[in-house]
Amino acid sequence: MKKILIVDYDKSLARTLQLYFQSKGYSVWTALDARQGMDLWREHEPDLVLLDVQLPGMDGPKALAAAKKEK
């Protein structure tokens, strides 16, 4: 089963996307900030990450750069 990680501080949007993709048969995890998203990324190794650019603590581009360094 394909896996999706959604990282967005907008809880309502993240939940809406989660429900939509789950209804299409995907496994979906959500995070409200980049640090939680990085933890979930390491744990589940998703096939697709939807990453917001503006996040509390660490913005999306910095999180993406950190993820690339780990791979």
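Below is a table of values for the structure above.
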quantity	calculated
Local electrostatic count, VAL7, Cβ distance below 9 Å [Lys/Arg +1, Asp/Glu -1]	-3
Charge dipole (the chain, unit charges on Cβ, about Cα centre) - positive-most of SER27, SER12, LEU51	SER27
Hypothetical label at ALA65: residues of the range 2-27 whose amide nitrogen lies under 17 Å (7 Å Cα-Cβ projection)	none
Where labels lie 7 Å past Cα in the beta-carbon direction, separation of ARG42 and LYS24 in nm	2.9
10 Å-binned pair-distance histogram of the chain (Cα, whole percent)	22, 56, 21, 1
Mean Cβ neighbour count within 10 Å, used as a protection proxy, ranking 2-8, 60-66 highest first	2-8, 60-66
Protection-proxy order for peptides 10-17, 37-44, each taking the mean of Cβ atoms within 10 Å per residue, highest first	37-44, 10-17
Environment charge at SER27 (Cβ cut-off 13 Å; Lys +1, Arg +1, Asp -1, Glu -1)	0
Potential extension, GLN54-ARG15 segment - 0.36 nm per residue separation minus Cα distance	12.3 nm
For the chain: accessible area per residue (Å², 1.4 Å)	67
Counted charge near ASP52, where neighbours are those whose Cβ lies closer than 10 Å (Asp, Glu -1; Lys, Arg +1)	-4
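The values are calculated or read from the model by the stated rules, or taken from the named source; none is laboratory data. Just so we're clear, the structure is a prediction, and the values are computed from it rather than from any experiment. Heads up, the Cβs are rebuilt from the backbone with ideal geometry, glycines too, and the neighbour counts pull from every protein chain shown. The area values use the complete protein model at the heavy-atom level, side chains included, leaving out ligands, DNA and RNA. Shrake-Rupley method; radii C 1.70, N 1.55, O 1.52, S 1.80 Å.
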